[in-house]
Amino acid sequence: MTTRTFLVHGLLAGLLAGVAAFVVAYTVGEPQVDRAIALESAGATADHHHEDDVTTSGAASHSHSHDDAAISRTTQSTLGLATGTLAIGIVLGGLTGLLSAVGLGRLGSLRPAASTALVALLGAVSFSVVPFLKYPATPPAVGSGETIDSRTALWFGFVAVSVLGVLAAVAVARRAAHRWSGVPGIVAGAAAYVVVVAVAALFFPEVDELGGFPASVLWDFRISSLLTLLAMWAVIGAVLTVLVDRTWRRQEAAAAQRAFAATL
Amino acid sequence: MAHAISSSTPSTVAPADLAIPLREIAPWLVLGALFAMSVVVLISSVQGAITIPAGTAIHEWVHDGRHLLGFPCH
Ligand SMILES: [Zn+2]
């Protein structure tokens with residue numbers, strides 16, 4: 001198995017994951033986005049806003065300005081959404097594939113399928129789930145345009161800490177496993193990651209710009225967002241693991257055949 | 001059967017023997033990571049911390065994906 005094997009499998013898994021994420025986002029998420037935008041248009045949240053056409057102006061113009069791009073809601077919720085989920089899916093799938101190539105044979109005594117599944121799991125946890133716990137997704141109409149720069153920086157910063165934290169935790173786990181055995185290694189690695197993200201979560205500032213946004217809509221939106229992310233990672237992990245396992249089994253079978261032939 | 005393992009086949013080898021040399025993966029990983037970061041930044045923050053000069057067209061186009069994939073938007 002070569003790096004190429006893993007990258008190709010990862011890209012394919014990512015493509016399928018992008019499709020899956022689109023299906024979930026479109027069916028489960030879009031109704032919530034529409035509800036949020038309807039609330040916004042109705043002025044339910046006066047100091048936050050989302051412009052969906054060029055008519056908004058004046059006091060509300062501190063957020064999006066759409067002077068040159070009036071893309072319809074229909075396009076945003078179909079082609080636009082698909083562009084986003086496919087691009088992110090392929091990129092995350094490819095990267096997960098490459099990291100699985102690094103993980104191959106380096107994660108204790110795990111076989112290729114298991115080490116690949118573990119890498120995908122760690123990717124999901126560190127890139128999506130844990131950052132979501134600290135900075136959960138927000139629907140349109142939540143958040144001030146004045147703080148978007150700092151919130152974007154905070155989000156990227158936290159994701160970076162989380163991803164680097166998991167890489168460090170894997171290094172700790174390998175070292176501990178080498179010194180003692182597998183289980184203490186896993187415990188040490190998990191503890192290292194939890195400590196890193198817990199400290200980071202304490203130090204990273206809180207973002208609270210919800211205003212009077214209805215809690216029920218917010219909850220539904222966040223659940224749908226989480227489902228979208230989980231669907232993406234589940235497909236990346238499952239497809240990549242299956243493809244890697246298939247390649248490995250074929251390779252094993254061919255090798256066994258050669259070994260058998262050599263004995264004749 | 002004690003010597004069934006042929007020295008040249010990967011069959012029943014320890015997982016560690018499957019490891020691909022880091023030297024070989026590193027260039028792919030560097031390019032892949034940089035490419036992934038560019039795409040994530042492009043999708044997530046055309047309006048925001050990093051502003052691409054081409055206005056807000058990309059920002060608007062992938063708007064719903066950004067919200068539902070958990071990126072900061074508004
Ligand atoms: Zn938005």
Roughly how much accessible area, to the nearest 100 Å², goes out of reach of solvent when A and B pair up, both sides summed, probe 1.4 Å?
4800 Å²
Could you work out, residue by residue across A:76-85, how many beta carbons of other chains sit within 10 Å of that residue's beta carbon, and then give the average as an integer?
6
Charge context of B:G70, other residues only, Cβ under 14 angstrom, K/R +1, D/E -1
+3
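For chain A, what's the relative contact order in percent, using C-alpha pairs closer than 8 Å and at least 6 residues apart?
On the way: 328 pairs, mean separation 86.6, N = 264.
After rounding, I find 33 percent.
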What are the DSSP H helices in chain A that stretch 27 Å or more along their long axis, judged by alpha-carbon atoms, and whose average Kyte-Doolittle hydropathy comes to at least 0.0?
A:3-24, A:81-103, A:148-179, A:182-203, A:215-263
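Return one whole number: the accessible area per residue of chain A in Å², for a 1.4 Å probe.
47 Å²
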Quick one: Karplus J couplings for the stretch B:21-37, per residue in order, coefficients 6.51, -1.76, 1.60, θ = phi - 60°, nearest Hz, x for Gly and Pro?
x, 4, 3, 7, 7, 3, x, 4, 5, 4, 5, x, 5, 5, 5, 4, 5
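Taking K and R as +1 and D and E as -1, what net charge do the other residues with C-beta under 13 Å from the C-beta of A:V28 add up to?
Net of charged neighbours comes to -2.
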Could you check which residue among A:G185, A:G123, A:G93 shows the biggest mean-square fluctuation in a GNM of chain A with a 10 Å Cα cutoff?
A:G185
What residues from the stretch A:110-141 fall in the zone where the backbone N is under 18 Å from a label point 7 Å along the Cα-to-C-beta line of A:V187?
none
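Given a 1.4 Å probe and every protein chain left where it sits, what share in percent of the accessible area of chain A is carbon and sulfur? Working shown, then result.
Values: 8500 of 12340 Å².
It is 69 percent, rounded to a whole number.
Given a Förster distance of 35 Å, report the FRET efficiency between A:L167 and A:T263 from their Cβ-Cβ distance, rounded to the nearest 0.05. Each step should come with its number before you reach the end.
On the way: r = 44 Å, r/R0 = 1.25.
After rounding to 0.05, the efficiency reads 0.20.
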Where is the GNM fluctuation largest for chain A (alpha-carbon springs, 10 angstrom cutoff): A:L110, A:L99, A:L227?
A:L110
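The values are calculated or read from the model by the stated rules, or taken from the named source; none is laboratory data. Note that this is a predicted model, so its numbers are computed, not measured. Cβ sites come from the backbone with ideal geometry, for glycine too, and all protein chains shown count toward neighbours. Heads up: the accessible areas ignore ligands, DNA and RNA and are worked out on the full protein's heavy atoms, side chains in. Shrake-Rupley method; radii C 1.70, N 1.55, O 1.52, S 1.80 Å.
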